[in-house]
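The values are calculated or read from the model by the stated rules, or taken from the named source; none is laboratory data. It should be emphasised that the depicted structure is a prediction, and the values quoted were computed from it without experimental measurement. Ideal geometry is used to build each Cβ from the backbone, glycine not excepted, and the neighbour counts take in all protein chains shown. All accessible areas refer to the heavy atoms of the entire protein, side chains included, with ligands and DNA or RNA removed. Shrake-Rupley method; radii C 1.70, N 1.55, O 1.52, S 1.80 Å.
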Protein chains: 2
Amino acid sequence: MSKNRQSPDQEAIEESSSGASAEDRLIEKYFRPIATHPGAFGLGDDAAAIAPPPGCDLVLTTDGVISGVHFFPNDPPEAVARKALRINLSDLAAKGAAPLGFLMSIALPQDFAPGWLEGFARALAEDAALYRCPLLGGDTDRSPGGVMVHIAALGTVPHGTMVRRAGARAGDRIVVTGTIGDAALGLVLRKDPAAAERWKLDGAMRQHLLDRYLVPQPRNAIAEAVRRCASAAIDVSDGLAGDLAKLARASGIGADVAAESVPLSAAARRVLDAEPAQIETILTGGDDFEIIAAVAPGQLEGFRGAARSASLDVTEIGTVVAQPCETRFLATDGRALTFKRPSYSHF
Amino acid sequence: MSKNRQSPDQEAIEESSSGASAEDRLIEKYFRPIATHPGAFGLGDDAAAIAPPPGCDLVLTTDGVISGVHFFPNDPPEAVARKALRINLSDLAAKGAAPLGFLMSIALPQDFAPGWLEGFARALAEDAALYRCPLLGGDTDRSPGGVMVHIAALGTVPHGTMVRRAGARAGDRIVVTGTIGDAALGLVLRKDPAAAERWKLDGAMRQHLLDRYLVPQPRNAIAEAVRRCASAAIDVSDGLAGDLAKLARASGIGADVAAESVPLSAAARRVLDAEPAQIETILTGGDDFEIIAAVAPGQLEGFRGAARSASLDVTEIGTVVAQPCETRFLATDGRALTFKRPSYSHF
């Protein structure tokens, strides 16, 4: 683990009698226990060295979370840790890859509370163990603003088998894991708590939506089946409509989705009953971290079986069609829905 | 390349008629040309897939640069790009690894100037080509503050040959590449421009120090020799004294360095003549991105020869001694120098 360097407004530091700096001790105390891979050298070197499994391709992805952009400054540290790692694990799952490990850069305000880091590290350790994705190395910095965590995750697939966005074929069925829209509705609730009453949500429904925004549930349990059965896949981070459109563009195909077949939680259904216009939030809001896969009809039963074994719901929502690049969400009367903002974008 | 997700204070976006968002177009325009590795899929997927060279270990490192912490907000975008990549390349060089590629997360303020990103991407492309280290994937985000760039770099070494911090043995010679202290003095000049006059620097000397702070020169040209000849190595990011102490601690040895043998540029020597107390800045300031290596006497000539071939100076500055963990910088009168802050730390 490398501490970071010289800074324009550098601060005085203290060294313990052992010569280890406060930053070294912080790394040793909080992050070393998560670096269980022997090639991480207990975070005691500048880099990790790992022998990739023979015959495998490395699958590489990176994503960060920034306070005030991807999470709220008062979110619990445990949730921040889980979100930072899980949004990367979700990419690996959608590509059919098994997690190998991750690198992490964390920037903390000068005055961060030690308890914050303790909660963060505990949850990160739990998730690293749960998903078999150890910390391989990292970097600690001071942040001029709030907390920022950037993770690069490595996974593996047998050579040549990473599931691409490209590859969907006309006639493939479009399936999606879990339920759609909960996280985006949870975000609305965070910004407008009064919506819970307007939507007539009971306490459990409200909590379900808030939890789905706070802590993603990546579908790594089904990654192996995605790899075996899907002709193309993507995880839903920018919204079902936008991410399906990306898969369609990359594959050079179109997609017809029956809007009413999109799987919804009881909470999301209640919201939709109260305010039908929220269909746009549900289909385009993002942060679902479910998997959209195009699956050939002959592979469908195998995919469903794997999902059952993983206690995970998968739902057929539509069909891949030959018209290039046109993704339509069809209402029960056959009309295509139109969206004000089909996909999330930072710029 | 993944755009990033739902945000607490999400902004409206525009989609072009092709369905690609402003963020997609930004990635396509500026970063896709740097993603020359076929496994990066032109940044058109959620992850890269690369087949690691057979018989090799992957060497993995991550480091970030944050505006106001690691660079000045008014630094040129070209310098920010080069610093972000090169501090990671420097870690690979010190570990004896050849660059394989990198992942990048970049966060930009909502109102960034398009010209800024153009300069950044152009310099990043040049460095990616120069160091044969293509962009493999990435992530773009909005920053609530200034620009932040986090890079995870991958390198390779033949299996089991990564050069560690641990491994130095009593009797090894301690060698260092290039010159020490320039970048730290350059940072002093950035914060206190009047120092140039106090130190009697001519224009070229002043510029040399400023440049050394602004744009690191990682020693990847000598990485192969480090791997063949060094028993231990580390790059100098937190200061020569502090980073040598880390190597010593990891190796369970001590180090005696003759302070006057530490290689200095003409500019640094002029500073020292004018203000001898700046020896502390030089030896502990950091941001040098030179390599410290412990080299057995029998390997020394081979190491020197490789350095000559790479037109790189290497200088013997001391000897590894058996006393565990004691690193001494000895003045000409034999006294050990003491430092107020032996190494940089963010906390």
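Per-structure values
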{"item": "Matching option when the condition is open to solvent by 40 Å² or more (accessible area, probe 1.4 Å) and either away from chain B (no Cβ under 14 Å) or more than 19 Å from residue A:242 (Cβ to Cβ) (or both), among A:337, A:312, A:300", "result": "A:337"}
{"item": "Residue within the range B:233-250 that is surrounded by fewer than 20 Cβ atoms within 10 Å (Cβ to Cβ) and outside any helix (DSSP H, G or I) present", "result": "no"}
{"item": "Whichever residue in the range A:117-133 is open to solvent by 20 Å² or more (accessible area, probe 1.4 Å) and touching a strand residue (DSSP E or B) at 6+ places or on another chain (Cβ under 8 Å) and, among such residues, is nearest to residue A:80 (Cα to Cα)", "result": "A:131"}
{"item": "The range A:157-184, residues that are within 12 Å of residue A:295 (Cα to Cα) and in a strand (DSSP E or B)", "result": "A:173, A:174, A:175, A:176"}
{"item": "Residue match in the range A:264-274 (condition: in a strand (DSSP E or B), charged (D, E, K, R) and open to solvent by 20 Å² or more (accessible area, probe 1.4 Å))", "result": "no"}
{"item": "Any hit, the range B:72-90, residues being surrounded by 21 or more Cβ atoms within 10 Å (Cβ to Cβ), at pLDDT 95 or above and either outside any helix (DSSP H, G or I) or of a type in the set (Asp, Glu) (or both)", "result": "no"}
{"item": "Residue A:45 vs. criteria charged (D, E, K, R), in a loop (DSSP other than H, G, I, E, B) and open to solvent by less than 10 Å² (accessible area, probe 1.4 Å)", "result": "yes"}
{"item": "Residue count, the range B:61-70 (criterion: more than 7 Å from chain A (Cβ to nearest Cβ) and open to solvent by 10 Å² or more (accessible area, probe 1.4 Å))", "result": "1"}
{"item": "Residue A:112 being farther than 22 Å from residue A:165 by Cβ, at the interface with another protein chain (Cβ under 8 Å from one of its Cβ atoms) and surrounded by fewer than 24 Cβ atoms within 10 Å (Cβ to Cβ)", "result": "no"}
{"item": "Failed condition for residue B:222, given (1) open to solvent by 30 Å² or more (accessible area, probe 1.4 Å); (2) more than 24 Å from residue B:69 (Cα to Cα)", "result": "(1)"}
{"item": "Residue B:102 vs. criteria part of a helix (DSSP H, G or I) and of a type in the set (Phe, Trp, Tyr)", "result": "no"}
{"item": "Qualifying residue in the range B:150-170 (condition: among the hydroxyl-bearing types (Ser, Thr, Tyr), more than 16 Å from the chain's Cα centre (by Cα) and within 27 Å of residue A:48 (Cα to Cα))", "result": "yes"}
{"item": "So residue B:49, is it in contact with an Asp or Glu (Cβ under 8 Å, 6 or more places away or on another chain), farther than 28 Å from residue A:39 by Cβ and modelled with pLDDT of 95 or more", "result": "no"}
{"item": "Hits in the range A:48-64 (condition: more than 15 Å from residue B:62 (Cβ to Cβ), over 19 Å from the mean Cα position of the chain (by Cα) and assigned to a strand (DSSP E or B))", "result": "A:56, A:57"}
{"item": "Options B:90, B:105: the member that is at the interface with chain A (Cβ under 8 Å from one of its Cβ atoms) and among the hydroxyl-bearing types (Ser, Thr, Tyr)", "result": "B:105"}
{"item": "Those residues of the range B:115-124 which are within 14 Å of another protein chain (Cβ to nearest Cβ) and without any contact (Cβ under 8 Å) to a residue 40 or more places away in the chain, in sequence order", "result": "B:116"}
{"item": "Some residue of the range B:91-101 being within 25 Å of residue A:94 (Cα to Cα) and either modelled with pLDDT under 95 or surrounded by 23 or more Cβ atoms within 10 Å (Cβ to Cβ) (or both)", "result": "yes"}
{"item": "Criterion: in a helix (DSSP H, G or I) and in contact (Cβ under 8 Å) with a residue 60 or more places away in the chain - qualifying residue of A:187, A:154, A:201, A:210", "result": "A:187"}
{"item": "Single match in A:192, A:256 (criterion: more than 30 Å from residue A:55 (Cα to Cα), of a type in the set (D, E, K, R), open to solvent by 10 Å² or more (accessible area, probe 1.4 Å) and within 13 Å of chain B (Cβ to nearest Cβ))", "result": "A:192"}
{"item": "Count of residues meeting criterion [crowded, with 18+ Cβ neighbours inside 10 Å and at pLDDT below 95] in the range B:315-327", "result": "1"}
{"item": "Filter result for residue A:277 (in contact with an Asp or Glu (Cβ under 7 Å, 6 or more places away or on another chain), in a helix (DSSP H, G or I), more than 10 Å from chain B (Cβ to nearest Cβ) and over 23 Å from residue A:99 (Cβ atoms))", "result": "no"}
{"item": "In the range B:144-183, the residues that are facing chain A (nearest Cβ under 9 Å), more than 27 Å from residue A:39 (Cβ to Cβ) and crowded, with 23+ Cβ neighbours inside 10 Å", "result": "B:148, B:183"}
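Per-residue answers, yes or no, for (1) under 24 Å from residue A:45 (Cα atoms); (2) more than 9 Å from chain A (Cβ to nearest Cβ):
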residue	(1), (2)
B:42	no, yes
B:50	no, no
B:59	yes, no
B:77	no, yes
